[in-house]
């Protein structure tokens with residue numbers, strides 16, 4: 001039986017782990033990857049102590065930090081469910097199962113999917129959730145970006161350097177991205193914006209060849225090789241059915257990172273803490289472990 | 001017996017960077033193929049893996065899609 005299981009190894013889960021190691025708590029860290037969303041970030045210039053660091057470099061630093069403490073880490077494992085018993089929890093993963101007295105959920109967020117026909121079938125076959133990663137594979141091709149917020153426009157700006165034509169597909173009547181990004185993207189004549197447009201279906205044979213859209217109430221087919229889905233993020237909470245959540249599916253925590261279930265704590269982007277920042281997630285992770293420590297001493 | 005390792009990557013993809021760092025840390029020699037600079041090689045990667053996501057890691061004849069650390073460890077006995 002562990003005293004604590006930390007779910008997630010982004011900046012939040014790793015900070016929680018470092019604090020747990022220093023408090024000599026008997027714990028386990030479980031995560032499919034290291035670095036979380038930070039590993040996907042471009043340039044980071046607001047994490048104090050580093051005037052400038054890239055996402056992958058910060059992920060590396062986080063990894064080094066847990067190695068220094070010999071933290072027991074189940075890397076490559078995904079938590080599938082949490083089962084409550086009278087005085088302990090069972091954490092089930094895709095590979096094993098573990099018992100623990102307390103849990104910190106620091107599982108962060110992931111890209112939201114469109115949920116339209118063809119999306120799953122053509123994942124990595126033209127459908128991408130990371131323009132930074134996969135963009136260069138669409139050199140001189142026509143592509144669509146779905147979304148109209150900051151990440152969608154950032155993706156469009158990246159793709160303008162690579163692709164031929166870029167169709168930006170926006171459900172709303174006007175884009176919501178910062179003006180400065182919109183201006184930058186619009187400077188390039190490659191960008192064509194479709195407002196009040198809904199993607200309906202992704203089509204192709206082996207790879208994506210087109211996207212069906214509903215453009216101002218009439219159907220239209222855009223021939224594209226790539227579709228970049230940039231419609232925001234959702235919290236990774238599928239495994240945690242019983243914790244109370246807000247309308248964004250974020251786990252509701254109090255000022256000490258406690259959820260509605262005694263013994264389950266949550267921290268970072270997966271929670272209702274309003275600001276989603278690397279430095280805030282890290283701070284919340286530290287807070288959560290200190291709350292757990294306090295909780296364990298009272299058991 | 002050294003296995004032949006090729007990494008199809010783009011310079012901007014975080015998981016490509018992680019994959020290459022991981023190989024270097026384990027003293028595995030590999031050939032890095034930047035598919036953003038070479039259309040032919042990009043097509044080769046698509047043909048080999050049947051998909052368009054990076055990284056793709058070829059270990060001898062075996063194709064690993066994405067930075068699947070456990071599979072790479074297993075294939076390279078590290």
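For the range B:16-76, rounded, prolate or oblate, judged on the Cα gyration tensor with a ≥ b ≥ c (square roots of eigenvalues), a/c < 1.5 rounded, else prolate if a/b > b/c? Don't jump to the answer; show the numbers that get you there.
On the way: a/c = 1.98, a/b = 1.50, b/c = 1.32.
The shape class here is prolate.
First measure r as the distance between the Cβ atoms of residue A:189 and residue A:297, then evaluate 1/(1 + (r/R0)^6) with R0 = 41 Å and state the FRET efficiency to the nearest 0.05.
Working: r = 64 Å, r/R0 = 1.57.
About 0.05, to the nearest 0.05.
Residue separation times 0.36 nm, minus the C-alpha to C-alpha distance between residue A:241 and residue A:120: what's the value?
Values: separation 121, 0.36 × 121 = 43.56 nm, distance 2.43 nm.
Extending this stretch completely gives an extra 41.1 nm.
So for the pair residue B:74, residue B:41, with labels modelled 7 Å out along Cα→Cβ, what separation do we get in nm?
2.8 nm
With viscosity set to 0.692 mPa s and temperature to 37 °C, compute the Stokes-Einstein D of the range A:146-241, Rh being the Kirkwood radius across alpha carbon pairs; µm²/s, no decimals.
Working: Rh = 14.2 Å.
It comes out at roughly 230 µm²/s.
For residue A:275 and residue A:22, calculate 0.36 nm times their separation in residues minus their Cα-Cα distance, and state this gained length in nm to one decimal. If you can, show how the numbers build up before the last one.
Details: separation 253, 0.36 × 253 = 91.08 nm, distance 2.71 nm.
Result for the pair: 88.4 nm of gain on full extension.
Any chance you could list the semi-axes, whole Å, largest first, of the equivalent ellipsoid that the Cα gyration tensor gives for chain A, using √(5λ)? Could the numbers behind the result be given before it?
Working: eigenvalues 309, 81, 58 Å².
Whole-Å semi-axes of the equivalent ellipsoid: 39, 20, 17.
Treat the range A:217-265 as a sphere of radius equal to its Kirkwood radius over Cα pairs and apply Stokes-Einstein at 37 °C in a medium of 0.692 mPa s; give the translational diffusion coefficient in µm²/s, rounded to a whole number.
Numbers: Rh = 14.3 Å.
The Stokes-Einstein estimate is 230 µm²/s.
If you build the Cα gyration tensor of the range A:1-139 and take the root of 5 times each eigenvalue, what three semi-axes come out, in whole angstrom, biggest first? Present the calculation step by step, with values, prior to reporting the outcome.
Working: eigenvalues 180, 102, 23 Å².
The three semi-axes for the range A:1-139 are 30, 23, 11 Å.
Calculated FRET efficiency, residue B:31 and residue A:139, Cβ-Cβ r, R0 22 Å, to nearest 0.05? Numbers along the way, then the final one.
Numbers: r = 21 Å, r/R0 = 0.95.
Here the calculated transfer efficiency is 0.55.
Work out the FRET efficiency for residue A:86 and residue A:254 from their Cβ-Cβ distance, taking R0 = 30 Å, and round it to the nearest 0.05. Please list the in-between numbers first.
Values: r = 23 Å, r/R0 = 0.78.
Approximately 0.80, to the nearest 0.05.
No value in this document is a laboratory result; all are computed from the given coordinates. As the structure is a computational prediction, the values presented were derived from the model and not from experiment. We place every Cβ from the backbone using ideal geometry, glycine too, and count neighbours over all the protein chains shown.
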